[in-house]
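Notes to accompany the following structure.
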Amino acid sequence: MTEAIGADVHVTIGGQPAGALHIQDVRLHFGGVTALDGPSFEVEPGEICGLIGPNGAGKTALFNCISGLYRPDSGHVLLDDTDLLARRADQVADIGIARTFQNLGLFASQSVLENVMGGAYHRTRSGFLVGSLGLPLMWREERRERERARGILDSLGLDHLESRPAAGLPLGTLKRIELARALMVRPRLLMLDEPANGLILEEVHELAGLVRALRDEHRFSVLLIEHHMGMVMSICDHLVVLNLGRKIADGRPGEVRNDPAVVEAYLGGAA
């Protein structure tokens, strides 16, 4: 199933080649609570890296540090030689880092196309609202991004929904819409936060094939938080395991699966 889906994916992403993500001794506290206790690891260009661990391990906190939503107390986060911690969230997107969220960030009243175009908002000179005023340059920018969004929707099999409001669409479809919006960033690094959560098994298989096919075609890197171990083991080249904010394992999926510390902390109870 996944191979067939992968064979059908053709979407022009553009952007720069994938870079290497470097996480170095990142520490983050909220009052007396330690969210991140010094994890360090790397994601190689074009790699799918799974970031796994029990709830409360610090996975989403680390995502928020990478994407500019949190500022850690210490440590370094680099994409190649670019210091991500010195940039705002919108500037991180400019560099080519895109992410999805556990709780879908779509606007229910907006059309599918409008939601996807929101992924390019950081790149337009003054946003699409100014374009609606009729200024020629802004209008051309909006038209260009609209065509890119339509192309991505077509590639993901969502073109027939472009005029539909997001409200009322099935969860699996909404997940693809959010993925389409992330692709509008022209990612060098795509960060997916529990994309399989709430999906039925067939949808998980389809999503896994889609993510792998997009990576294979466009060679961006992927950092994936996911509890569905079937998906993780099937598409990840590399796994990093966090527990209580610390890294407890780092390696190939087969190696990590058999690590006693990982089995005790996480995999022994994972579905």
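The values are calculated or read from the model by the stated rules, or taken from the named source; none is laboratory data. Keep in mind it's a predicted model, so treat the numbers as computed, not measured. For neighbour counting, all protein chains shown are included, and Cβ atoms are generated from backbone atoms with ideal geometry for every residue, glycine included.
Might you check whether a residue that is touching an Asp or Glu at 6+ places or on another chain (Cβ under 6 Å), modelled with pLDDT of 95 or more and closer than 12 Å to Thr100 by Cβ occurs anywhere in the stretch 212-225? Scanning the stretch 212-225, I find at least one residue that is touching an Asp or Glu at 6+ places or on another chain (Cβ under 6 Å), modelled with pLDDT of 95 or more and closer than 12 Å to Thr100 by Cβ, so the answer is yes.
Quick check, is Leu51 touching a residue at least 60 places away in the same chain (Cβ under 8 Å), under 17 Å from Asp250 (Cα atoms), aliphatic (A, V, I, L, M) and assigned to a helix (DSSP H, G or I)?
Working: touching a residue at least 60 places away in the same chain (Cβ under 8 Å): yes; under 17 Å from Asp250 (Cα atoms): yes; aliphatic (A, V, I, L, M): yes; assigned to a helix (DSSP H, G or I): no.
Here the answer is no, as Leu51 does not meet what is asked.
Candidates Val185, Val222: the one that is surrounded by 23 or more Cβ atoms within 10 Å (Cβ to Cβ), within 28 Å of Gly268 (Cβ to Cβ) and of a type in the set (Val, Ile, Thr) is Val222. Within the stretch 248-262, being crowded, with 17+ Cβ neighbours inside 10 Å and within 21 Å of Leu190 (Cα to Cα) holds for Asp250, Pro253.
Go through the stretch 64-181 and tell me which helices (runs of 4 or more DSSP H), entirely inside it, have 2 or more residues that are at pLDDT 90 or above and either among the basic types (Lys, Arg) or in contact with a helix residue (DSSP H, G or I) (Cβ under 9 Å, 6 or more places away or on another chain) (or both). If you could, list the steps in order and put the result at the bottom.
On the way: elements: 89-95, 112-117, 127-131, 136-155.
Result: 89-95, 112-117, 136-155.
Summed over the stretch 194-218, residues that are in a helix (DSSP H, G or I), crowded, with 18+ Cβ neighbours inside 10 Å and of a type in the set (A, V, I, L, M) total 7. For Asn243, the conditions (1) free of Cβ contacts under 8 Å to residues at least 60 places away in the same chain; (2) surrounded by 18 or more Cβ atoms within 10 Å (Cβ to Cβ) all hold with the exception of (1).
Of the numbered criteria (1) modelled with pLDDT under 95; (2) in contact with a strand residue (DSSP E or B) (Cβ under 8 Å, 6 or more places away or on another chain), the one Leu244 fails is (1). Within the stretch 221-271, the set of residues being more than 18 Å from Asp193 (Cβ to Cβ) and of a type in the set (Val, Ile, Thr) comprises Ile248, Val256, Val262, Val263. Could you please find all residues in the stretch 247-258 being in contact with a helix residue (DSSP H, G or I) (Cβ under 9 Å, 6 or more places away or on another chain) and modelled with pLDDT of 95 or more? The answer is Ile248, Ala249, Asp250, Pro253, Val256.
All conditions in (1) part of a helix (DSSP H, G or I); (2) over 30 Å from Ile23 (Cα atoms) hold for Gly254, with the sole exception of (2).
The rows are residues; the columns are (1) at pLDDT below 95; (2) surrounded by 13 or more Cβ atoms within 10 Å (Cβ to Cβ).
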site: Ala4; (1), (2): yes, no
site: His22; (1), (2): no, yes
site: Phe30; (1), (2): no, no
site: Glu42; (1), (2): no, yes
